[in-house]
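Accompanying notes for the structure given below.
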Amino acid sequence: MIAEAIDMKNRIRVLRAEKNWTQAELAKELDVSRNTMNAIENNRYDPSLSLAFRIAKLFRLKMEDVFQDED
Amino acid sequence: MAKMGVSGMSGGAPKLGRLSLLGIGLAALPVYIAWTLYARSQEMGPDAFRLPLFAVIAWGVTFTFLSWRRLDEGGKEAIKFAFCWGAGPGMMIAAVTVLLVLYYPQPVGESVKRAVEGYAAMRGGALPPETAGFFVGAAMVIGIQQMLFVAVWLVWWARRRLGPR
């Protein structure tokens, strides 16, 4: 049984840089505020499952290629 | 950024959400003033006070509903957190504070009481001191509660703007 909370990290900042997108553009495309996008990028807010799937879909990647267990 | 093209994801909503939230505060005042002027011109008695209040409440509820629907998930999370840790405890702290101010250390309680009576007298006896006291007490509770709500809401966002964890 996994009882402890899992710390997630993500590669959004790197993926976004590869695409040459600004944070504001990415936030707009995902229909979230730039504050929320910034918090997610900095691993200070874990997005909902729905938003996580949308982010992965936007980069045309699998979820596990964007979000990973920090351990 | 049309090149990305994920269906059903159009931008702009969060900005509208913030504008709606702002609208609650800014728009409530003209609504209140307009209703008060209208009600007084009609010599509606106590309704001159009640109708504007109902109008402002209806306005606030409508805008709150619209704002909530337009907020993104980060914004909603911040508000839920602020309600739980700001508004909830804030109400209890405020209620105890008001009771202490009004009934315990008399120099403070007396000055508040005098201010309430002064306000009631200024309104030309339109409000009995008991009623004025009730509204002042309620306003103090709501005010303290709102201040704590905003403080916790700001802390939630500040913690998420500190950079990588």
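Counted as qualifying within region B:49-165 are the helices (runs of 4 or more DSSP H) with 3 or more residues that are at pLDDT 80 or above and under 19 Å from the mean Cα position of the chain (by Cα), namely B:73-82, B:88-103, B:129-159.
Filtering region A:11-46 to residues that are assigned to a loop (DSSP other than H, G, I, E, B), more than 7 Å from chain B (Cβ to nearest Cβ), within 25 Å of B:Trp156 (Cα to Cα) and not β-branched (Val, Ile, Thr) leaves A:Arg11, A:Asp46.
Listed by first and then second residue, the pairs linking a residue in region B:133-149 that is at positive phi to a residue that is in a helix (DSSP H, G or I), with Cβ atoms under 7 Å apart and 6 or more places separating them unless they lie on different chains, form an empty list.
The values are calculated or read from the model by the stated rules, or taken from the named source; none is laboratory data. Here the structure is a predicted model, which means the values were calculated and not measured. With ideal geometry, Cβ positions are generated from the backbone for all residues, glycine too; neighbour counts draw on all protein chains shown.
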